[in-house]
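A short reminder: the numbers here are calculations on the coordinates, not readings from a lab. These figures come from a predicted structure and were not determined experimentally. Every residue, glycine as well, gets a Cβ built from its backbone with ideal geometry; the counts of neighbours run over all protein chains shown.
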Amino acid sequence: MGVLLDATELVLAGRGFAATTTNRIADAAGVSIGTLYHYFPSKESLIEAVVHRMWARELAVLAAHRTALAEGPLDVAVRAMVRDLVGVMARRRELYRRWYAEASHLGRLDEGLEMTAQAVAAVHAALVRRASELRPRNLAFAADLVVKMALAMIRTGARDYAREIRSGELATELSDMILRYLQGAS
């Protein structure tokens, strides 16, 4: 099944949503169209699975930084987390761009919300451990805002900020915004 998702990523990134077909995906995967349809009933279901995999990669990055966010220097942890989130997107920027610009309606919202809730819970737990250092008193809200702002900016960045991604400016500016919010610095 992974080969079908890899092929879907390649075709969608290279051709866009409208020109992506199950035949092109099957060709790129080196499988018969029957094999493709055995696992996925439509182009949309393939793209939806790719979107869920994108979201899972984002969640994995946030989870990987949970300990550093709770215990390490806050500025170092936030910058590393944001840098790695931007890196996940940057390695597949064209895929993100195509999905966000052409097919953002694909992806089961309930699954996306569950993944986001997991990320928010992890960030919230980390913020609670360092509550005395932080400006926001409502740490549940702060965690929700930080996670959703970071995800929204990296997804928008894929579409709108190619130069800023390459230069590192997107990661720097997003990290600075999060740190100003959490620490109350101007």
- Note on the structure: Here the range 51-58 yields Karplus 3J(HN,Hα) values (6.51, -1.76, 1.60; θ = phi - 60°; whole Hz; Gly and Pro given as x) of 4, 4, 5, 4, 4, 5, 5, 4
- Query: Counting Lys and Arg as +1 and Asp and Glu as -1, each charge on the Cβ, what is the dipole of the range 48-183 about the Cα centre in debye, to the nearest 20?
  - Reply: 180 debye
- Note on the structure: Counting Lys and Arg as +1 and Asp and Glu as -1 over every other residue whose Cβ sits under 12 Å from the Cβ of Leu36, the net charge comes to +1
- Message: Rounded to whole Å, give me the distance from the Cα center of the range 1-80 to that of the range 102-118.
- Response: 13 Å
- Message: Which of Ile154, Ile33, Ile178 has the fewest other C-beta atoms within 10 Å, and how do the rest follow up to the most?
- Response: Ile33, Ile178, Ile154
- Estimated vicinal HN-Hα couplings, Hz - the range 96-106 in sequence order (Karplus 6.51, -1.76, 1.60; Gly, Pro = x): 4, 4, 4, 4, 5, 8, 10, 9, 5, 6, 8
- Query: Okay, helix-only estimate at 222 nm for the chain: each DSSP H run of n ≥ 4 adds -39500 (n - 2.57), divide by all residues, round to 500 deg cm²/dmol; what do you get?
  - Reply: -25500 deg cm²/dmol
- Query: Relative to the longest principal Cα axis of the chain, at what angle does helix 169-183 sit, 0 to 90 degrees, rounded to 10?
  - Reply: 40 degrees
- With eigenvalues of the C-alpha gyration tensor scaled by 5 and rooted, the range 1-61, Å: 19, 13, 10
- Item | Rg over Rh [alpha-carbon atoms, Kirkwood Rh] for the chain | 1.04
- Please state the relative contact order of the chain as a whole percent: Cα pairs under 8 Å, 6+ residues apart? 24 percent
- Item | Separation of alpha-carbon centers, the range 140-181 and the range 123-137, rounded to whole Å | 19 Å
- Using the charge dipole of the chain (Lys, Arg: +1 at Cβ; Asp, Glu: -1 at Cβ; taken about the Cα centre), state which of Ala171, Gly107, Ala26 has its Cα farthest towards the positive end. Ala171
